[in-house]
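This report refers to the structure that appears directly beneath it.
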Amino acid sequence: MTVSLILIVVFFMIGSMKFLFEKELSEFHFFSIGHFFVLFYSYITVLLGFSLIYTVCEMGGISVLSGGFHHEEHYFYTLFNSMYFSAITLFSVGYGDMYPVGVGKMFATLEALVGYMMPAVFVIRTVSRNEKV
């Protein structure tokens, strides 16, 4: 059950990233608010997706977070801590109060990689699209 939920979440995150990478934004101007909505949507989807992966693993008995994370059997407490860890990992290298363990290290590494690549892809797409026009 845990693996199937993780695969569903990954499917939706890939769909979001596909939207960022393949969506034609030619109707927007160089400094368009539409560009930022696309980036914002992609960040929120990735953040929530990894949060759900951490939460599903923790609730399924697979320990992925340690440190300031005190696992209680309450779903919303686990989700809140997972969202916090996901946001800190996606936007920076973390604070150190919570850290991944086990398979969580793989998830956190992938999330950090995605967090670093998204702005670069966004800038490259915006610049290359405006050079074509």
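The values are calculated or read from the model by the stated rules, or taken from the named source; none is laboratory data. Quantities reported herein were computed from a predicted structural model and do not represent experimental measurements. Don't worry about glycine lacking a Cβ; one is built from the backbone with ideal geometry, like all the others, and counts go over all protein chains shown.
So here's what we get for this one:
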quantity: Selected residue (criterion: surrounded by the fewest Cβ atoms within 10 Å (Cβ to Cβ)) from residues of region 78-95 that are aromatic (Phe, Trp, Tyr) and either within 22 Å of Val38 (Cβ to Cβ) or under 14 Å from the mean Cα position of the chain (by Cα) (or both); calculated: Phe91
quantity: Filtered residue count, region 111-123, keeping only those that are closer than 24 Å to Cys57 by Cα and touching a residue at least 24 places away in the same chain (Cβ under 8 Å); calculated: 3
quantity: Residue satisfying condition, being acidic (Asp, Glu), at pLDDT 80 or above and closer than 19 Å to Ile14 by Cβ, within set Glu111, Glu58; calculated: Glu111
quantity: Residues that are surrounded by 13 or more Cβ atoms within 10 Å (Cβ to Cβ) and farther than 17 Å from Thr45 by Cβ, drawn from region 96-124; calculated: Met98, Tyr99, Pro100, Val101, Gly102, Val103, Gly104, Ala108
quantity: Index of the failed condition, Tyr75 passing every other in (1) surrounded by fewer than 13 Cβ atoms within 10 Å (Cβ to Cβ); (2) hydroxyl-bearing (Ser, Thr, Tyr); (3) modelled with pLDDT of 85 or more; calculated: (3)
quantity: Selection count where residues are over 16 Å from the mean Cα position of the chain (by Cα), small (Gly, Ala, Ser), at pLDDT below 80 and part of a helix (DSSP H, G or I), scope region 1-45; calculated: 1
quantity: So Thr126, is it without any contact (Cβ under 8 Å) to a residue 60 or more places away in the chain and among the polar types (S, T, N, Q); calculated: no
